[in-house]
Structures are given as structure tokens and as C-alpha cells.
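So the structure is just underneath, and the comments pick up after that.
The values are calculated or read from the model by the stated rules, or taken from the named source; none is laboratory data. Because the structure is predicted, anything quoted here is derived from the model rather than measured. Here the Cβ positions follow ideal geometry from the backbone for every residue, glycine too, while neighbour counts run over all protein chains shown. Side chains are part of the model used for accessible areas, which takes the heavy atoms of the whole protein and leaves out ligands, DNA and RNA. Shrake-Rupley method; radii C 1.70, N 1.55, O 1.52, S 1.80 Å.
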Amino acid sequence: MTASIPRLGFGTWGRTGADGIAAILYALETGYRHLDTAQSYGTEASVGEAMRQSRLKREEIFVTTKIKVDNLDPGKLLPSLRKSLETIGIDQVDLTLIHWPPPYDRIEPEVYLEQIAEAQAMGLTRMIGVSNFTIALLEKAGALLGRGAIATNQIELNPLFQNQKIASYCKEHDILVTCYQPVAQRRMGDVEQMRAIAVRHEATVEQVALAYELSKGYAAIPTSSKPERIRSNWLAHKLNLTAADVEAIDALPQSSRAIDPPGAPLWD
Ligand SMILES: NC(=O)c1ccc[n+]([C@@H]2O[C@H](COP(=O)([O-])OP(=O)(O)OC[C@H]3O[C@@H](n4cnc5c(N)ncnc54)[C@H](OP(=O)(O)O)[C@@H]3O)[C@@H](O)[C@H]2O)c1
């Protein structure tokens, strides 16, 4: 099921306004076929506008959106997703994610997981998934919806924060890992091992990070406001790292999580 999720996508956080539409359109023209938006980003309309301006067919572009925490209460998810479809200007999204588990476990997983499964059954979304889920929450989702129901878990992951435990769990349970902050928001330039690998491949450290994530079988959704970076990040799919490169990155010292809001789940 996860086979049809394009592994290198374009993140749209921050891609608002006319510049945002231009960046998303440029990403589509460059070759990206997966756009990652969310109800909380204010970019759903920009995604729809860029899709229309690209003149690509609807079925050529994979669209992910995410349900914001305010819309997880009983009876709220479906209307909010219908609103997202209207804002984007499409009949169905390809993938809908629960953006964050409710802070402090305010709502039982059954409440929002049953609603997202209903959205899929009604054809509002082709696939469903989650984001920022822990092993404990994925276990609950699996018990409730069955193995294979959750297509992906979108989590913070890059060479400096490899999030090994949850990534291994996902792999064992056929849940695609989608990496957010995949180029670590420019924090990799200081890492000597990353620079050395980049120099050897005549690549950027960001390309090395993306190639590393793809080599692990993950999806990655980098974003940038700059055409040259949108393009160079895209070209990372052509970069083949050696087994030694991957081993060297595996062994990098790990930093702490960058995104950890109040009420976040008890991370693995
Ligand atoms: N599910 C979640 O909770 C969650 C959380 C965070 C993000 N996301 C998703 O993941 C996407 C990516 O995450 P992110 O935006 O936080 O992090 P990111 O893609 O790792 O980093 C983006 C930042 O790095 C810079 N950058 C990008 N490519 C570069 C390059 N080749 N060289 C130098 N700098 C580069 C960009 O600046 P310039 O614009 O100046 O190039 C931008 O500030 C988001 O857009 C969003 O769709 C999801």
C-alpha cells in the first residue's frame, strides 16, 4: 500500500502567500510529485493553486494533508477534512495524517482514529496515517484499525537525529517512515563527517542527508523558499551513497529532538 507514496516530497511549512505558490509550483516543475501540507500551515490553498498552475493532471500529484489537534474531537474530523478538500480544490487527498497526538492524551486514540478510518471509508482520503506517534500509540492504532491500515508515521528524522527506536518499529510493522526536518534546518554544515562525504560526492550536506534517508527506505519532505535549493534537494534522489558512507552517518553523534512542544507524547 505504501508503495505508491513518492519517497521524495516537498514540504510546505512556511510556503505561504505568492512566494509560497511560486516555490510549490517550482517544485512541481522540477519534478517533485508529492506535496506535504497541513490544516495548520495555511498552505492548503497555495498547494491547490500551484497544482492548477502546473497543469499537471490531478492523479500525477500525491497530496498529503494533516488534521490539526483542534479537529480531533468527536464529530470534528470529517467536516474539517471536507473543508481541506475545498480549500485545496480537490475531491480526495491521497494521504491524511493525524498531525499530533492530542497534548497530554486529552482525547482517547479511538475517538480520532475511528474518525480518520471513516474518512477513508467514505473516500475523502485514499490512505491514512499519523505523525509524531510513539510505539505505544502505533500499537493502539494497529489493534484498533488492523495491521496495514496506517500507511506512514511522519516523524522528525535526519542524520543528526536518527530516531532509531521508532524507525525500527515502523520498519518491522510495514509502516513507512516519513522524515520531517530531513535536512535538519541547516544544522549539518558543522558536522565534519557530513562535509567529507559531501565533498567526495561533489554534493551538498543536504543532498547527502536526503540520500541517506532514501537509502534507508524512508520518505523525506524537505522544503526551501529558494529555487536552487528546491532543485538541488530534488537531485538528491540521484545520489548513491556507498555502504561506508551510510555506516559513517549511522555512527554520527546524535543531537536532541528539535520539535518537542508542551504535552508531546512520551517519546520512545
Ligand atoms: N509532522 C510534523 O509535525 C512536521 C513538523 C515539521 C515539519 N514538517 C514538514 O516537513 C517539512 C520539512 O521540515 P522543515 O521545514 O521543518 O525542515 P527542513 O526541510 O529540514 O529544513 C528547511 C529549512 O532548511 C533550509 N534549507 C532547505 N534546503 C536547503 C539546502 N539545500 N541548503 C541549505 N539550506 C536549506 C530552508 O531555508 P531556505 O528557505 O532559506 O532555503 C529551510 O529554512 C515541512 O515543510 C513540513 O511540511 C512536519
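Can you pull the percent of region 22-130's accessible area that's carbon plus sulfur, 1.4 Å probe, other chains left in place?
Roughly 49 percent of what the probe reaches on region 22-130 is carbon or sulfur.
Please compare each pair in Lys57/Lys140; Lys76/Lys226; Lys66/Lys226; Lys140/Lys171; Lys57/Lys165 to a cut-off of 27 Å on the Cα-Cα distance and tell me which ones are over it.
Table pairs above 27 Å Cα-Cα are Lys57/Lys140; Lys76/Lys226; Lys57/Lys165.
For region 124-189, what is the charge dipole size about the Cα centre, in debye to the nearest 20, if Lys and Arg each add +1 at the Cβ and Asp and Glu each add -1 at the Cβ?
140
Using the Cα centre of the chain as the reference point, and only Cβ charges (+1 on K/R, -1 on D/E), how large is the resulting charge dipole? Debye, rounded to the nearest 20.
Here the size comes out at about 540 debye.
Cut-off 10 angstrom, C-alpha nodes, Gaussian network model of the chain. Which of Val199, Val63, Val246 fluctuates the most?
The residue with the greatest mean-square fluctuation here is Val199.
Would you mind telling me the share, in percent, of accessible area of region 183-268 contributed by carbon and sulfur at probe 1.4 angstrom?
Solvent-exposed carbon and sulfur of region 183-268 make up 51 percent of the total.
Per-residue HN-Hα couplings for region 25-42, Karplus 6.51 cos²θ - 1.76 cosθ + 1.60 at θ = phi - 60°, whole Hz, x for Gly and Pro?
4, 4, 4, 5, 5, 6, x, 4, 10, 9, 10, 10, 10, 6, 4, 8, 8, x
Can you pull out the GluC sites (Glu not before Pro) in region 137-229 that DSSP calls coil and that have at most 14 other Cβ atoms within 10 Å?
Hits after loop and neighbour filter: Glu202.
Residue by residue through region 260-265, what is 3J(HN,Hα) from phi via Karplus (6.51 cos²θ - 1.76 cosθ + 1.60, θ = phi - 60°)? Round to whole Hz and write x for glycine and proline.
8, x, x, x, 4, x
How much net charge surrounds Pro103 when only other residues with a Cβ under 15 Å from its Cβ are counted (Lys, Arg +1; Asp, Glu -1)?
Details: positive: Lys68, Arg106; negative: Asp70, Asp73, Asp105, Glu108, Asp260.
Charge balance in the 15 Å sphere: -3.
In square angstrom, what is the accessible area per residue of the chain with a 1.4 angstrom probe?
Value for the chain: 45 Å² per residue.
For the chain, modelled as a Gaussian network with Cα springs under 10 Å, which listed residue fluctuates most, Ile135, Ile155, Ile88?
Ile135
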